[in-house]
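J.: Mind looking over this structure? Questions follow.
Throughout, read-outs are computed from the coordinates displayed, never taken from laboratory work. What you are looking at is a predicted structure, and each value in this text was computed from that prediction instead of being measured. Using ideal geometry, Cβ is built from the backbone for each residue, glycine included, and neighbour counts are taken over all protein chains shown.
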Amino acid sequence: MEEKKPEVGAPAEAERAASGAEKSSTAPQTDGAPGQPSSGLIAAPESDWPFPPAHLDLADQEIHVWRAWLDELAPDLPSFTESLSASERNRAARFQFERDRNRFIVRRGLLRRILGRYLNLDPARLSFTYEARGKPSLAGTVDAPMIHFNLSHSEGLALFAVTRSAPFGIDLERVRPMPEPDQIAAKFFSARENVILSALPAEQRIEGFFNCWTRKEAYLKATGQGIADALPEVEVSLTPGQPAQLLSVAGDAQEASLWSFHALAPAPGFVGALAVKARGLKLVCWQWPGSRPASPAGR
Ligand SMILES: CC(C)(COP(=O)(O)OP(=O)(O)OC[C@H]1O[C@@H](n2cnc3c(N)ncnc32)[C@H](O)[C@@H]1OP(=O)(O)O)[C@@H](O)C(=O)NCCC(=O)NCCS
């Protein structure tokens, strides 16, 4: 099976998600932080993604986000493969193309290493359980404190996030030209989002589109629903440079007030979003060691 980035928002996207098919494939907080550019793509300073200290604590009110360029970790493939479960290896074997297979193996292996690091457990000993629409969570670690996690990838870049506070969702997309952005927005964005998007200056429109998409998807990953059928019901802010916010869910602004959103800019040309049903959490970002390309061309 080929893993290729879904054509975001294309009508086939929601259908593919519904079928459970393989994804064919900041912080850089940008929540109105001073100095953030209000147009053009957000370029997160590398200093916003430091390497982690040897000993890492995950405080109750924190969300840690990890950034990794998957292809840079390919030399470690045998060790990542060793840590996977039989079902993860079966899943890997179903990818048609080697690059997609390797990215999947590194992604799942890295997820295990990150979780194992916080839980002080051997990554290979972790096991996962899945909700009806595929959201994974940790199983069989009853002796360890609860950790919520979620991850997203776009091309060779992946984000992994963990917190003890509440379930959440994260999404990442490379900002790229879309073949039929207006049709996609008409189908999956609300009327208000469409008005705001089309009023943006032309040079901000693609970023606004992906801000909208990633924020909706982050929310739908937080609830575990996925993007199959509820994208238009989730209404978000999208204007570049303005705070990431949930505005309403199925018209309910009260529900929206219970959530926090963070815009993420993990690398030039990428936007992401994190949605959590909690207030006042602190976002902390880390770069996975050995996974930063020597030059942007390597990305
Ligand atoms: C979850 C979903 C939005 C991911 O979209 P994507 O842009 O292709 O992929 P991302 O890189 O952002 O995220 C993938 C990761 O999200 C997690 N994930 C999978 N399903 C999830 C869900 N329903 N909710 C939250 N997270 C989910 C997994 O960890 C997955 O990583 P993995 O492939 O290594 O297992 C999409 O696959 C979806 O909508 N799934 C639901 C399928 C569904 O509705 N099935 C019902 C059949 S009746």
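J.: According to the square roots a ≥ b ≥ c of the eigenvalues of the Cα gyration tensor, what is the shape class of region 59-115, taking rounded for a/c under 1.5, prolate for a/b larger than b/c otherwise, and oblate for the remainder?
T.: The shape class here is prolate.
J.: Which order do V234, V284 fall in if you start with the one that has the fewest other Cβ atoms within 10 Å?
T.: Least to most surrounded, the residues fall as V284, V234.
J.: Based on the Cβ-Cβ distance from S87 to R164, what FRET efficiency comes out when R0 is 35 Å, to the nearest 0.05?
T.: 0.85
J.: Another one. Expected output is a single nm value to one decimal: the length gained when fully extending between S47 and S257, i.e. 0.36 nm times separation in residues minus the C-alpha distance. What is it?
T.: 72.4 nm
J.: If you scale each eigenvalue of the Cα gyration tensor by 5 and take the root, what three semi-axes come out for region 212-299, rounded to whole angstrom and sorted largest first?
T.: Over the Cα atoms of region 212-299, the ellipsoid semi-axes are 27, 14, 12 Å.
J.: Computed on alpha carbon atoms, what radius of gyration and Dmax characterise region 117-255, expressed in Å?
T.: For region 117-255, the Cα-based Rg and Dmax read 17.1, 53 Å.
J.: I would also like to ask the following. Could you put C285, C212 in order, starting from the residue whose Cβ has the fewest other Cβ atoms within 10 Å?
T.: Going from least to most buried by this count: C285, C212.
J.: If you take the Cα atoms of region 42-292, find Rg, then find the Kirkwood Rh from the mean of 1/r over all pairs, what is Rg/Rh?
T.: Rounded to two decimals, Rg/Rh equals 0.96.
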